[in-house]
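J.: My questions will all concern the structure given below.
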């Protein structure tokens, strides 16, 4: 089992049906072809995301300078700020300027304190990433065994309990669940801090102590969804797929059939969901970071919005959108690397 | 290359004349949303070592359910009554652990669609060594050697290379050969082939059947061919049992059956087989009507509504399977006579 | 988002359980027997009844029971009354506002926002998706690419940005959430239309010379709509959660209109002394969403919609 998923390319096995010969990069191997195609498809989406952000920030009714300064600002103040924001230029010119700068790594400076936005991002990104990765790890670690146990006997005790919990979990907004966690672990048991962030530089232990509640708050909804999807997929395979019957007919034990045959194939559908959510999760950290006082991207975005700090908000939104697109891209690529059917190309049978 | 695969199956059975598989009065019922479906209604079958039994019938006749019952592979909604003895082991009501020891070791099975019956994300080799190592105390390397031998045995070209490939890289016939290798990995005494050639094209079909018969001779296995194809049974089986609506309705040695069909249903099945001797563009006789609803059968013969020879008695009373002629059993009040047979010799 | 768009992979009972269960081996259904039917029934009427009660309480009770205290004009003299105080069934908050009336008002906000943004998504997104898929070609490609880009945004971020730039009001929250519901419904409608477009009766209608609009209205829409409606229950649940999140962050409806998210947010400060200030609106929010989700799931299982 161990050698099947991590095979290096270029051994003697070749696809049964070779793709027709054509010149160029696109004919390397099915996996490479898929990869190149996906990267090329992602570029316009990222570009579009930046454009939509820019539109949102600039085309909404009202003068941004007025919105920034408030209604009682003098016309001189408005004019000065408009000049500073280049608001007098046509919209497209401003967008192209911004895009050009962004491509060279310059996302502008904060209106609040003139700090480069890239520096602000550089501080916030690791916090959010740690939070999200931790949440994913927690969710998957619990969801996979739960789903397998539930799928062992569909309709059985473990299955019903698991499905009820996950239905409830999917219905709790994460800030509500976070509050319950705070109520229990910080207010009631007083074992974990309710707010505050400890950088990882000050030791992994304190850092994790500060991160565990927010990560759990995010992980719970993920756990519920993964459990449901994975369980449904495994149950479906156990009922419908002939290779499961084959495995049983070999005399393979029922747990082994579940794990070696059904779970293995379910991993692919799980992977898709995980990938699609990784990007979206960056967004859902907004509320959790705010609640637990973590200086991540979400908090930065909220501060930017409160301060009407347009370059900061713009940068955050673009980065988050890129995360979504990037996560989808990586999912597709992983799929191509891991799934042997894509890796070797499908037979033209 | 030292061969680990020896034709030792005959030696394993103490008494070569004792039946390998004995099914007695098997009944299978499925619980469903509304009425229970009584899929198998009292089936008796016997298979001896080295013998090929063909079980023939339409979809829904209970042939597949019977074979799955032997393997204990029915879903939880099924309840099985009666007796299935494999050698001297009673398979009905066997615990999961005991059953698992039997599957693959005593009885192997191949399925209809080789594209679906192999796990698409596992290498051929892993699927094959899995079958070997479940039952035999071999280490990785030995299991791998045996697996390659098995692949060679089923005449898969370049077996050592195929070992590392995935199912989708093989053709349909090659996949079915792999399935046979998996089923025979631990040299079971009985092999059940459930529509094993239905999904293949005709030439591949013949190759696979020849391979199966060859291996059966070599290992003196009992072979059960589950099929809807009367022609296949006629060409390859020693004994034919025809099933309809969950019951065996006619059973005889193949030659006897082909030469002297009694049951009108078997007659209809035979006539529905395409044959080269038929004049071109002649319409193929088909069996009109549909298989009966197994939830609500009438008291009479289940085939009566579709039978061309039906009389009033058939609707009132159900004919039992009985040995009306030596070694030829049928369940019909008004069997066909010999003279109604158009094509005499099938072989 | 805590409330995910519903998973599309739950096991459905087969379309026709009576159709020859023995063909090519037994193919049993997800759940079996009478228990399954009874459970689907329960899954429909229990959450349905609770939802009905919630709607009645939020919209009808204030009309019938005129003496309900105002949700915002509380007096500080009556602050922090415990539950079951005379005149204040669930007590008052630290500003002296009656909790019951705030709950009812908040429920109205949640339901209004959820239902309206859902209706906008259903109408605009649904017709957009149907039209794009029916026409096909570059129109479809461009529309769908644009919607993909919208979906690429984390929903809460998008809603935050939109609602900040629009002045805070219920209507603007609705528009902001619709920004996200439109592409979701458009995708769903497109997928359903693509399946229908090749159906024999649609092709036949086209060959018979029916106008496009007639085919869309008479053949496609009636078949796409039930699927969208089933999905919209789940979407209302998601929209209510988004609204609560927005209000929790202070970007939702204005402070003059109490909402559940805002109640939770305000109660956060008193979580150690008066946890019920957080727990009561949380429970209402949870109950509403869980009922919508259960009902949506049960309906989906019953109709066999994807």
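Each value in this text was obtained by applying a stated rule to the coordinates, not by laboratory testing. Bear in mind the structure is a predicted one, so any value in this text is a computation, not a measurement. Counting neighbours? That spans all protein chains shown, and the Cβs are built from the backbone with ideal geometry, glycine included.
J.: Quick one: if the Förster radius is 22 Å, what FRET efficiency do residue C:218 and residue C:119 give, using the C-beta to C-beta distance and rounding to 0.05?
T.: Given R0 = 22 Å and the Cβ-Cβ separation, E is 0.45.
J.: Pull out a ≥ b ≥ c, the square roots of the eigenvalues of the alpha-carbon gyration tensor of region C:126-241, then state rounded if a/c is under 1.5, prolate if not and a/b is larger than b/c, and oblate in the remaining case.
T.: The shape class here is prolate.
J.: Suppose a student asked you for the relative contact order of region C:95-306, using Cα pairs under 8 Å spaced at least 6 residues apart; what percent would you report?
T.: Value for region C:95-306: 28 percent.
J.: Which of the peptides A:137-150, C:51-64, A:318-331, B:320-333 is most tightly packed, and how do the rest follow, going by the mean number of other Cβ atoms within 10 Å of each residue?
T.: A:318-331, A:137-150, B:320-333, C:51-64
J.: Taking the alpha-carbon centroid of each part, what is the distance from region B:133-149 to region B:155-191 in angstrom?
T.: Centre-to-centre (Cα) distance: 15 Å.
J.: Any chance you could run the full-extension gain for residue B:24 through residue B:313? It's 0.36 nm times the residue separation minus the Cα-Cα distance, nm to one decimal.
T.: 101.3 nm
J.: Taking beta carbons within 10 Å but only from partner chains, what does the mean come to for residues A:179-185?
T.: That works out to 4 on average.
J.: Next up: Can you give the average number of partner chain beta-carbon atoms within 10 Å of each beta-carbon in peptide B:118-127, as a whole number?
T.: Per-residue shielding by partner chains comes out at 6.
J.: Here's a follow-up. Of the candidates B:156, B:170, B:128, which one comes out as most mobile in a Gaussian network treatment of chain B with C-alpha springs shorter than 10 Å?
T.: Result: B:170 has the largest fluctuation of those listed.
J.: Another question, if that's okay. Rounded to the nearest 10 degrees, what's the angle between the helix B:124-135 long axis and the longest principal axis of chain B, both from Cα atoms, 0 to 90?
T.: Taking the Cα atoms of chain B, the angle to B:124-135 is about 90 degrees.
J.: With r defined as the distance between the Cβ atoms of residue A:129 and residue A:334 and R0 fixed at 30 Å, what FRET efficiency is calculated, to the nearest 0.05?
T.: Here the calculated transfer efficiency is 0.95.
J.: Given the C-alpha centroids of region A:250-304 and region C:197-216, what is the distance between them in whole angstrom?
T.: 43
J.: Under the definition of Cα pairs under 8 Å and six or more residues apart, what whole-number percent is the relative contact order of region B:40-126?
T.: RCO, region B:40-126: 17 percent.
J.: Please compute the length gained on full extension between residue C:61 and residue C:270, using 0.36 nm multiplied by the number of residues separating them and subtracting their Cα-Cα distance.
T.: 72.4 nm
J.: Measuring from label point to label point, each 7 Å out along Cα→Cβ, what is the residue B:213 to residue B:59 span in nm?
T.: Reported label-point gap for residue B:213 and residue B:59 is 2.9 nm.
J.: Comparing B:185, B:252, B:35, which has the greatest mean-square fluctuation in the GNM of chain B with Cα pairs linked when under 10 Å apart?
T.: B:35
J.: May I pose another question? Calculated FRET efficiency, residue C:283 and residue A:190, Cβ-Cβ r, R0 25 Å, to nearest 0.05?
T.: According to the calculation, E is roughly 0.55.
J.: Less than 19 Å from a label point 7 Å out along the Cα-to-Cβ axis of residue A:80: which backbone N atoms in region A:300-329 qualify, by residue?
T.: Correct set: A:308-310.
J.: Relative to the longest principal axis of chain B, what angle (0 to 90°, nearest 10) does the C-alpha long axis of helix B:202-219 take?
T.: Roughly 70 degrees between the two axes.
J.: Tell me, what is the percent relative contact order of chain B, built from C-alpha pairs under 8 Å that lie six or more residues apart?
T.: Relative contact order for chain B comes out at 20 percent.
J.: On to the next question. By how many degrees, 0 to 90 and rounded to 10, does the Cα axis of helix B:140-153 deviate from the longest principal axis of chain B?
T.: The answer is roughly 50 degrees.
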